[in-house]
Amino acid sequence: MAELSEAGGRPRPTGGLELYAWVFMRVSGLLLLFLALGHLAIMHLIHSVEEVNFAFVAERWANPLWRLYDWLLLMLALLHGFNGLRVMVDDYIRSAAWRVASLVSLYGLTFLFLVIGSLVVLIFQPMAGG
Amino acid sequence: MYRGGAGQWAWILHRVTGVGVLLFLLIHILDTGLVLFGAEVYDRVVKIYTHPLFRVGEVGLAAAVLYHALNGIRITLLDFYPELSGRQRELFYGVVALFVLLFLPGAYLMLRPLF
């Protein structure tokens with residue numbers, strides 16, 4: 001088990017990639033606070049799942065700023081989430097073989113979902129699809 | 001490591017809500033990806049989310065995101081102001097209080113159309 005700071009956060013790593021990952025979690029976390037809670041408020045308080053359909057998405061994504069918002073949320077959330085899982089693999093998985101297997105699948109899945117998500121947000125054309 | 005107490009609960013909840021939100025995110029990327037297959041396919045699938053069971057589920061999702069966000073602020077504050085570490089328990093109670101304050105009206109607004 002990695003040692004924890006009093007707060008339950010990881011102590012600040014001293015350098016290298018781990019320090020970048022540690023800083024990224026704090027910075028992306030702060031941005032996600034606004035992006036993710038904003039997304040929830042827009043979709044579930046201002047609108048509702050009753051309204052969400054193809055036409056709703058087409059109208060929303062007609063504005064490139066909403067595409068940018070959704071793409072940024074997607075990238076940050078995926079990287080933040082998968083880096084969190086990576087830390088948990090470090091904490092919980094002991095056997096060397098399982099560690100390698102989990103890390104390889106984790107990086108593979110991260111890449112796959114980053115590509116799928118980006119493609120959907122960036123290439124969607126309502127005319128072609130509808 | 002902790003031997004129980006507020007800090008340990010804060011930490012366990014942070015992990016559980018984090019994994020839960022990530023799982024939903026992956027599903028949500030796939031369901032949104034269906035827009036590329038046209039209106040008929042997309043509309044049929046996202047209609048599932050209007051089922052009352054999913055309406056309750058989305059309140060759970062909102063709770064997980066809200067807790068993770070608030071406790072994330074607590075962690076970051078403690079990282080950058082180590083002098084606060086003696087107050088981490090009070091900060092956790094602050095997180096819980098803010099959570100209740102924001103979650104109750106939010107959950108009410110989300111569930112109101114069901115009744």
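A short reminder: the numbers here are calculations on the coordinates, not readings from a lab. Every value quoted in this text rests on a predicted model; they were computed, and no experiment measured them. Positions of Cβ are generated from backbone atoms using ideal geometry, with glycine treated the same way; all protein chains shown enter the neighbour counts.
Here are some notes:
- Normalised by 2.2 N^0.38 Å, where N is the number of residues, the C-alpha radius of gyration of segment A:72-130 stands at 1.48.
- Take every Cα pair under 8 Å whose residues are at least 6 apart in sequence, average their separation, divide by the length of chain A, and the relative contact order is 27 percent.
- In the frame of its principal axes, segment B:6-114 has Cα extents of 57, 29, 18 Å, reported largest first.
- Kyte-Doolittle mean at least 0.5, axial Cα span of 27 Å or more - DSSP H helices of chain A: A:16-40, A:64-92, A:96-123
- Projected-area mean, the protein assembly as shown, by convex hull of Cα positions, square nanometres: 14.7
- Selection among A:112, A:45, A:31 by position relative to the dipole of chain A gives A:112 as farthest towards the positive end (Cβ unit charges, Cα centre).
- Basic side chains Lys and Arg get +1 at the Cβ, acidic Asp and Glu get -1 at the Cβ, and with that the dipole of chain A about its Cα centre reaches some 300 debye.
- Peptide B:73-84 is shielded by partner chain Cβ atoms: per residue, an average of 4 of them sit within 10 Å of its Cβ.
- With the alpha-carbon atoms of segment A:16-124 aligned to their principal axes, the span from lowest to highest coordinate is 49, 25, 25 Å, starting with the largest.
- Kyte-Doolittle at least 1.0, axis length at least 20 Å by Cα - qualifying DSSP helices, chain B: B:6-33, B:52-80, B:88-111
- Its Cα centre serving as origin, chain B has a Cβ charge dipole (Lys and Arg +1, Asp and Glu -1) of approximately 300 debye.
- About its Cα centre, the dipole of the protein assembly as shown is roughly 380 debye, where the only charges are +1 on Lys and Arg Cβ and -1 on Asp and Glu Cβ.
- Positive dipole terminus of the protein assembly as shown, leading residue within B:103, B:6, A:121 (C-beta point charges): B:6
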